1. Helix 2-18 against the longest principal axis of the chain: what's the angle in degrees, Cα atoms only, rounded to the nearest 10?
2. Tally Lys and Arg at +1 and Asp and Glu at -1 over the other residues with C-beta under 11 Å from the C-beta of Thr153: what net charge comes out?
3. Need one word for segment 68-134: rounded, prolate or oblate. Basis is the Cα gyration tensor (sqrt eigenvalues a ≥ b ≥ c); a/c below 1.5 gives rounded, then a/b vs b/c decides.
4. Beyond 20 Å, how much of the Cα-Cα pair distribution for segment 85-171 remains, as a whole percent?
5. Lysine pairs in the chain with alpha-carbon atoms under 24 Å apart, 8 or more places apart or on different chains: how many are there?
6. Arrange Glu17, Glu36, Glu93 by Cβ neighbour counts within 10 Å, fewest through most, would you?
7. What order, most packed first, do the peptides 144-153, 60-69 have when packing is the mean number of other Cβ atoms within 10 Å of each residue?
8. Tell me what the chain gives for mean residue ellipticity at 222 nm when only DSSP H runs of n ≥ 4 count, each as -39,500 (n - 2.57), the sum divided by the residue total, rounded to 500 deg cm²/dmol.
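Read the figures in this text as sums done on the coordinates, not as results from a lab. Here the structure is a predicted model, which means the values were calculated and not measured. A quick note on method: Cβ atoms are made from the backbone with ideal geometry, for glycine too, and the neighbour counts reach across all protein chains shown.
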Amino acid sequence: MARSAKAQADQQLKLVESGPRRERIAAQRAVVQQAEAAVRQTDAAMDNGVIRAPFDGVVTVRDREPGETVGAGAPVLTVMNLRDRWVRIYVREDRIAAVRLGEPATISTDTYAGKTYPGAVSFISSQAEFTPRNVQTTEERVKLVYAVKVRITGDTTTYDLKPGMPADVQLGATPR
């Protein structure tokens with residue numbers, strides 16, 4: 001029994017002296033690479049779980065709660081870009097020729113009676129909206145309206161004007 005134990009100890013000594021086999025080293029390296037790939041995949045999944053807005057803004061609507069699972073393309077938050085606020089107005093066809101890009105405007109609301117905000121025309125639609133079916137007479141042509149965007153150039157500190165708030169716009173007027 002002692003000779004058998006000595007022979008076994010000699011074999012183990014030879015294995016230790018010769019070191020691990022190449023196949024075993026290659027297998028362990030493959031296991032390490034697989035674990036590193038799993039870490040990269042988890043990092044990518046975590047990065048996809050972070051929502052970043054392309055601009056600084058204010059969250060106005062939270063469509064989902066933190067921790068909820070959301071499908072691709074589903075809204076999560078509505079963010080208002082404070083540097084890109086505007087009011088959409090409609091100008092009759094017989095008056096659209098007087099409207100110019102960059103033209104100053106005055107914006108007012110019922111919420112802040114007596115207070116006005118400066119604005120400027122930033123877009124004039126090239127196509128009429130609310131077109132009647134048959135536009136054949138001069139009286140019907142004036143029913144055409146064109147969408148015009150008036151960018152809010154004032155109200156940069158208090159942000160009184162909110163999205164969806166009804167407002168009145170006077171074109172060509174400078175604020176009081």
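1. Here the helix axis deviates by roughly 40 degrees.
2. Summing Lys/Arg as +1 and Asp/Glu as -1 gives +2.
3. The shape class here is oblate.
4. For segment 85-171, the fraction of Cα-Cα distances above 20 Å is 39 percent.
5. For the chain, the number of qualifying lysine pairs is 4.
6. The order, fewest Cβ neighbours first, is Glu17, Glu36, Glu93.
7. Per-residue Cβ counts within 10 Å, averaged per peptide and sorted highest first, yield 144-153, 60-69.
8. For the chain, the value works out to -9000 deg cm²/dmol.
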